[in-house]
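The values are calculated or read from the model by the stated rules, or taken from the named source; none is laboratory data. On a predicted model such as this, the values are computed, not experimentally measured, just so you know. Every residue, glycine among them, receives a Cβ derived from its backbone with ideal geometry; neighbour counts consider all protein chains shown. Each accessible area value is taken on the protein alone, full model and side chains, heavy atoms only, with ligands, DNA and RNA left out. Shrake-Rupley method; radii C 1.70, N 1.55, O 1.52, S 1.80 Å.
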Amino acid sequence: PAGGPSSGSGSGSGSFPSLFPPGLHGIYGECRRLYPDQPNPLQVTAILKYWLGGPDPLDYVSMYRNLGNPALNVPEHWHYVSFGLSDLYGDNRVHEFTGTDGPSGFGFELTFRLKRETGESAPPTWPAELMQGLARYVFQSENTFCSGDHVSWHSPLDNSESRIQHMLLTEDPQMQPVQTPFGVVTFLQIVGVCTEELHAAQQWNGQGILELLRTVPVAGGPWLITDMRRGETIFEIDPHLQERVDKGIETDGSNLSGVSAKCAWDDLSRPPEDDEDSRSICIGTQPRRLSGKDTEQIRETLRRGLEINSKPVLPPINAQRQNGLNHDRAPSRKDSLESESSAAIIPHELIRTRQLESVHLKFNQESGALIPLCLRGRLLHGRHFTYKSITGDTAITFVSTGVEGAFATEEHPYAAHGPWLQILLTEEFVERMLEDLEDLNSPEEFKLPKEYSWPEKKLKVSILPDAVFDNPLH
């Protein structure tokens with residue numbers, strides 16, 4: 001740990017901007033507004049900075065002691081603030097400088113509020129590594145986070161036996177957006193949640209669950225403070241909250257428009273050995289990459305609702321990169337779950353839309369468990385849902401009849417643009433599929449592999465072990 005700037009170096013000092021980079025200075029200013037009595041907070045510092053080839057994208061994580069607000073029933077807690085997702089330096093060493101009007105770097109920094117345990121004199125440092133893990137994901141994928149997004153982590157956030165194993169993101173209740181010389185920085189707070197709360201956020205929406213968490217003091221309260229010792233979900237604490245979620249799903253549907261997933265699809269309309277056709281996808285062959293225009297459309301479907309399937313999916317930083325990230329569409333950032341390999345190597349216009357007679361969809365168990373959500377929470381509400389492969393450049397989008405801009409139609413419900421498959425399902429067929437897929441809601445009774453088939457629709461769905469997707473020979 002190291003100290004921040006001393007309280008004696010005020011913004012009026014002519015030497016201050018040269019000592020502390022302007023972007024850093026701007027965020028420190030907001031921290032000093034909240035914590036005027038803590039000018040030198042404890043910090044976790046990246047020993048070898050990311051822009052020098054180090055593995056940690058965040059230069060610093062500052063840790064403050066927050067006394068809470070007894071009048072609002074807000075307990076004392078530790079408040080963590082990241083430095084590095086925004087542009088601290090303005091010299092292109094990490095982020096491309098794009099002016100003062102738009103976002104600085106990725107446009108946000110992460111914060112986290114952890115309940116202080118009795119007798120705890122110093123903040124635990126594990127939240128800093130958690131924040132570095134999220135930052136690595138953002139830097140590698142260039143996926144920005146938004147308030148209401150969720151991250152499924154599948155492991156106790158502090159590596160203990162805690163039930164708090166996933167995260168929601170929301171606006172920090174105290175920190176205001178900061179205007180820096182390199183753009184605007186907002187502050188997104190990480191909120192630790194249980195698996196049941198994550199699933200409710202997926203089936204309904206993150207903002208709705210955040211509002212419920214705010215009403216339960218031990219589960220977050222008004223400032224959404226994470227208590228790693230919380231042993232009960234909000235639905236166990238107050239069973240009536242499940243009714244509010246169920247009603248919300250029925251009324252609103254799901255806000256989750258897509259996930260990154262272990263998935264694949266086969267065209268059963270043609271022999272599998274026909275791997276020379278650039279418009280066919282076969283397991284065991286290298287699929288063609290998505291065109292830039294297709295990628296842009298998929299990005300729109302995934303702009304809201306981020307899913308990280310498991311910790312191993314978080315990709316490592318490539319230490320060989322020089323001068324930060326390669327920007328292919330500066331000044332805008334990517335908001336999709338695309339891989340960097342999604343380069344436009346086949347012009348969109350040269351790929352004709354191909355109608356398929358019969359398709360076979362393949363998902364791992366976690367992705368398959370989201371199919372009922374896709375059908376009930378999205379398609380029955382006239383929306384769409386996209387699975388974007390994390391192991392290849394494949395995408396599967398389910399659309400309802402009311403979705404505009406789809407290239408799948410009622411006459412030709414299965415259509416492909418290169419490796420992007422669209423499937424149009426009528427409301428009647430969705431209702432039938434929901435009945436047939438009932439056991440997907442009971443994963444504990446599930447045995448893999450599992451197959452579902454609708455011969456008259458020429459559609460087959462398989463739920464397969466993870467290893468099938470991890471092994472490119474399958």
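At least 2 residues being open to solvent by less than 10 Å² (accessible area, probe 1.4 Å) and modelled with pLDDT under 95 is the threshold, and among the strands (runs of 3 or more DSSP E) wholly inside the stretch 146-242 those reaching it are 150-152.
A single entry from 157, 168 fulfils the requirement of being within 25 Å of residue 235 (Cβ to Cβ), among the aliphatic types (A, V, I, L, M) and over 15 Å from the mean Cα position of the chain (by Cα): 157. Could you count how many residues in the stretch 1-44 are surrounded by fewer than 15 Cβ atoms within 10 Å (Cβ to Cβ), at pLDDT 70 or above and outside any loop (DSSP other than H, G, I, E, B)? Of the residues in the stretch 1-44, 2 are surrounded by fewer than 15 Cβ atoms within 10 Å (Cβ to Cβ), at pLDDT 70 or above and outside any loop (DSSP other than H, G, I, E, B). Mind checking whether some residue in the stretch 179-191 is without any contact (Cβ under 8 Å) to a residue 12 or more places away in the chain and in the same structural domain as residue 50 (by the TED database)? Checked the stretch 179-191: no residue is without any contact (Cβ under 8 Å) to a residue 12 or more places away in the chain and in the same structural domain as residue 50 (by the TED database).
Each residue in the stretch 255-266 was checked for being open to solvent by less than 10 Å² (accessible area, probe 1.4 Å), modelled with pLDDT of 90 or more and either aromatic (Phe, Trp, Tyr) or not in a strand (DSSP E or B) (or both), and 1 pass. When you look at residue 420, is it of a type in the set (Phe, Trp, Tyr), closer than 18 Å to residue 267 by Cβ, assigned by the TED database to the domain that holds residue 265 and surrounded by fewer than 18 Cβ atoms within 10 Å (Cβ to Cβ), yes or no? Here the answer is no, as residue 420 does not meet what is asked. In the stretch 441-454, the residues that are closer than 23 Å to residue 360 by Cβ and open to solvent by less than 60 Å² (accessible area, probe 1.4 Å) never reach a residue that is among the hydroxyl-bearing types (Ser, Thr, Tyr) and assigned to a loop (DSSP other than H, G, I, E, B) with C-beta atoms less than 9 angstrom apart, at least six apart or across chains.
Applying the set (1) buried (at least 20 other Cβ atoms within 10 Å of the Cβ); (2) hydrophobic (A, V, I, L, M, F, W, C); (3) not in a strand (DSSP E or B) to residue 468 leaves exactly one unmet item: (1). Out of 82, 104, 62, 86, one residue alone is closer than 18 Å to residue 224 by Cα and open to solvent by less than 40 Å² (accessible area, probe 1.4 Å). It is 82. Per the listing 97, 106, 83, 139, the residue uniquely within 19 Å of residue 172 (Cβ to Cβ) and in contact (Cβ under 8 Å) with a residue 60 or more places away in the chain is 106.
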